[in-house]
């Protein structure tokens with residue numbers, strides 16, 4: 001019998017840290033991606049949505065809700081603005097774009113939580129900052145490292161740790 005088998009209880013989580021997702025932590029960003037009224041959602045609903053892809057109209061609705069231009073959205077998704085415009089409104093956009101849209105919605109929901117209002121976060125994300133080498137945070141969202149940096153900075157702001 002291995003050490004792991006002997007010392008792990010049947011119902012015990014054998015991970016250094018477990019993150020528990022509550023209803024309130026999922027619904028805010030689900031609402032940014034949904035054209036339907038708010039409903040119960042889980043992380044698995046979000047995974048399912050990302051795997052299926054989104055219709056173009058859902059991506060454009062997200063951009064409108066978070067005050068991004070089509071050009072800004074296209075840059076973040078790594079798609080040309082012209083290609084995005086050519087899709088029919090109900091056409092399903094590729095899943096890699098859907099995944100970026102989910103991350104974008106999660107980021108904006110987190111920003112709203114940290115700043116206390118979506119309007120304050122929208123101003124912050126478009127304001128150049130020394131933390132981001134003089135760039136506005138929204139301009140670095142075209143990379144996963146950029147998303148990570150912005151999420152980390154939101155954590156610092158939340159806890160009052162300023163660079």
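The values are calculated or read from the model by the stated rules, or taken from the named source; none is laboratory data. Source: prediction; values computed, not measured. Using ideal geometry, Cβ is built from the backbone for each residue, glycine included, and neighbour counts are taken over all protein chains shown.
Annotations for the structure displayed:
- A search for C-beta distances below 9 Å between a residue of region 122-140 that is at positive phi and any residue that is loosely packed, with under 14 Cβ neighbours inside 10 Å, counting only pairs 6+ apart in sequence or on different chains, returns 134/128.
Yes/no matrix, rows are residues, columns are (1) surrounded by 20 or more Cβ atoms within 10 Å (Cβ to Cβ); (2) out of contact with any helix residue (DSSP H, G or I) (no Cβ under 9 Å at 6 or more places or on another chain); (3) more than 22 Å from residue 31 (Cα to Cα):
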| position | (1), (2), (3) |
| --- | --- |
| 60 | no, no, no |
| 70 | no, no, no |
| 83 | no, no, yes |
| 96 | no, no, no |
| 117 | no, yes, no |
| 124 | no, no, no |
| 130 | no, yes, yes |
| 140 | no, no, yes |
| 161 | no, no, yes |
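- Here is the figure for region 47-59: residues that are out of contact with any strand residue (DSSP E or B) (no Cβ under 8 Å at 6 or more places or on another chain) and closer than 13 Å to residue 102 by Cα total 6.
- Against the numbered list (1) touching a helix residue (DSSP H, G or I) at 6+ places or on another chain (Cβ under 6 Å); (2) at pLDDT 90 or above; (3) over 11 Å from residue 101 (Cβ atoms); (4) surrounded by 15 or more Cβ atoms within 10 Å (Cβ to Cβ), residue 66 comes up short only at (3).
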